[in-house]
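What follows is a single structure, written as structure tokens, with notes after it.
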Amino acid sequence: GVGKGYLTAQLQSALGAKIVPWTTTRPARPDDTSTNNRRFVTREEFDLMQSEGLLIGVQNLHGYKYGLEQTFLGMTDREGTYVCEINSANVLTLFPVIYRRFSIALVTDDFQLLKERIQKREPNVGSVELTDRLETAVREVGLVRANAFLFHLQINVDICHESAVASIAIEAIRKGVG
């Protein structure tokens, strides 16, 4: 499907992009280890890192904590292409860090696909959690649209085939324009 993980993998393949991982207390899923876009720590480790000021953009999402490590963000000042998946709720918080970077937002008007992906990936997800996650996604897309000026490029995944999404993003990054 067309999502952050798919686009990240395509950017890695086409541009040799390196991942800036999120540190999280969420348990690893089977497919997480191959993407390296998460660094999994205990809640105690996370809290210590946060108290020492090592994390920015800290958020609670679906009962787990997420944050970006300052050291990983520092590496994006080096030459090369880096990819970091940023939750739309964090865009304004992280604006001082990301304002000079190329940013792409994936948006949708049809959340049925997301619902199906969650149910397939996590068959035991309860209806309350599923509803909460879908409502969160609706709010996130609303935030992206309300703050469109922060993004170089917005791609509506409802009208683009997944290969087109990747092609559009890769070409825009190569040209450095939105």
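The values are calculated or read from the model by the stated rules, or taken from the named source; none is laboratory data. All figures in this text were calculated on a predicted structure; none of them were measured in a lab. All Cβ positions, glycine included, derive from the backbone under ideal geometry; neighbour counts span all protein chains shown. Side chains included, ligands, DNA and RNA excluded: accessible areas come from the protein's heavy atoms. Shrake-Rupley method; radii C 1.70, N 1.55, O 1.52, S 1.80 Å.
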Hey, what's the chain come to in accessible area per residue, 1.4 Å probe, Å²? 57
Please list the helices of the chain that count as membrane-span-like by this rule: a mean Kyte-Doolittle hydropathy of at least 0.0 together with Cα atoms stretching 18 Å or more along the helix axis, each helix being a complete DSSP H run. 127-146, 162-175
Kindly give Rg over Rh for region 12-68, based on alpha-carbon atoms, with the Kirkwood expression for the hydrodynamic radius. 1.02
Order 134-145, 5-16 from most to least packed using the mean count of other Cβ atoms within 10 Å. 5-16, 134-145
Would you compute, from DSSP H runs of 4+ residues alone, the mean residue ellipticity of the chain at 222 nm, taking -39500 (n - 2.57) per run and dividing by the full residue count, rounded to the nearest 500? -13500 deg cm²/dmol
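Relative to 2.2 N^0.38 Å, what does the C-alpha radius of gyration of the chain come to as a ratio? Two decimals please.
1.02
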